[in-house]
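Enquirer: Got a structure for you, written out below as structure tokens; questions coming shortly.
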């Protein structure tokens, strides 16, 4: 992004978003039917603008740290998908954990970008776009740092955590609506809502992932990074997994939800 100092926070042609939770819920139902249809998350975000999140984004983008990171890290997927470079970093680093996670799950940062590039959604040459892209691109890093897996409850908890960090209605909506859907579909005594609540609290008390120098973070030992950022590992989430397994459920292979 050239000439960061003169790039507006909001492009003049960026339209004002309207808060339309019922439309967001329609996209959430499609996501429930196919959790790999991540485009629905981005459609939802268009209907759930958050003034508090935008104020937080503006403050960060105007800060010295934010301005510096726009220059140093204008596009994170190029950094995150350079696996050979990441694996040259020390063993036990965030980078090694990240590459192992992405390869195991068959994911890429570029793939998440592609999922967000959906018909009818435009991008704008402004600082807000850079900030929103940064939140998108650090989603899988949040999995690594928090210890939440890519199971259904783990995804809801990660979004609860990131909502705690930047107060995003989309993350909040999916985390809690997803927890409700989980409790409807999987009958157990697993503390699903308490797990999401714990994640949200942990997000609020930890250092923001989006504000990190991502190259430096990747090079850090994973446990050192967690301690520095005051990220607490999940306890209730692990209890939820234990209770699910005790009742014959595999948290990573739960029954498919019934059609809405």
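Read the figures in this text as sums done on the coordinates, not as results from a lab. This is a predicted model, so every value here is computed, not measured. Counting neighbours? That spans all protein chains shown, and the Cβs are built from the backbone with ideal geometry, glycine included.
Enquirer: Does segment 133-260 come out rounded, prolate or oblate, given a ≥ b ≥ c as the square roots of the eigenvalues of its C-alpha gyration tensor, rounded meaning a/c under 1.5 and, failing that, prolate meaning a/b above b/c?
Expert: Since a/c reaches 1.5 and a/b is larger than b/c, the shape of segment 133-260 is classed as prolate.
Enquirer: For segment 204-226 and segment 97-148, compute the distance between their C-alpha centroids and round to whole Å.
Expert: 16
Enquirer: If neighbour count is taken as other Cβ atoms inside 10 Å, put 72, 218, 153, 112 in order from fewest to most.
Expert: Details: 72 12, 218 23, 153 27, 112 20.
The order, fewest Cβ neighbours first, is 72, 112, 218, 153.
Enquirer: Let me ask you something else. Please arrange 130, 172 by how many other C-beta atoms lie within 10 Å of their C-beta, fewest to most. Can you show the working numbers first?
Expert: Working: 130 24, 172 20.
Going from sparsest to densest Cβ surroundings: 172, 130.
Enquirer: Kindly state, to the nearest 0.05, the FRET efficiency for residue 25 paired with residue 115, given R0 = 22 Å and r defined as their beta-carbon distance. Walk me through the intermediate numbers first.
Expert: Numbers: r = 20 Å, r/R0 = 0.90.
My answer for the efficiency is 0.65.
Enquirer: By count of other Cβ within 10 Å, fewest leading, how are 140, 168 ordered? Intermediate results must be reported in sequence, preceding the final value.
Expert: On the way: 140 20, 168 25.
Ranking 140, 168 by Cβ neighbours within 10 Å, fewest first, gives 140, 168.
Enquirer: Percent relative contact order of the chain, based on C-alpha pairs within less than 8 angstrom and at least six residues apart?
Expert: Values: 328 pairs, mean separation 59.5, N = 260.
The value is 23 percent.
Enquirer: Please work out whether segment 166-234 counts as rounded, prolate or oblate from its C-alpha gyration tensor, where a ≥ b ≥ c are the square roots of the eigenvalues and a/c under 1.5 means rounded, while otherwise a/b larger than b/c means prolate and anything else oblate? Display every interim value, and only then the final one.
Expert: Details: a/c = 2.86, a/b = 2.03, b/c = 1.41.
Note, shape of segment 166-234 comes out prolate.
Enquirer: Would you mind classifying the chain by shape? Square roots of the alpha carbon gyration tensor eigenvalues, ordered a ≥ b ≥ c; an a/c under 1.5 is rounded, otherwise it is prolate if a/b is larger than b/c and oblate if not. Please list the in-between numbers first.
Expert: Details: a/c = 1.74, a/b = 1.22, b/c = 1.43.
Because a/c hits 1.5 or more and a/b fails to exceed b/c, the chain counts as oblate.
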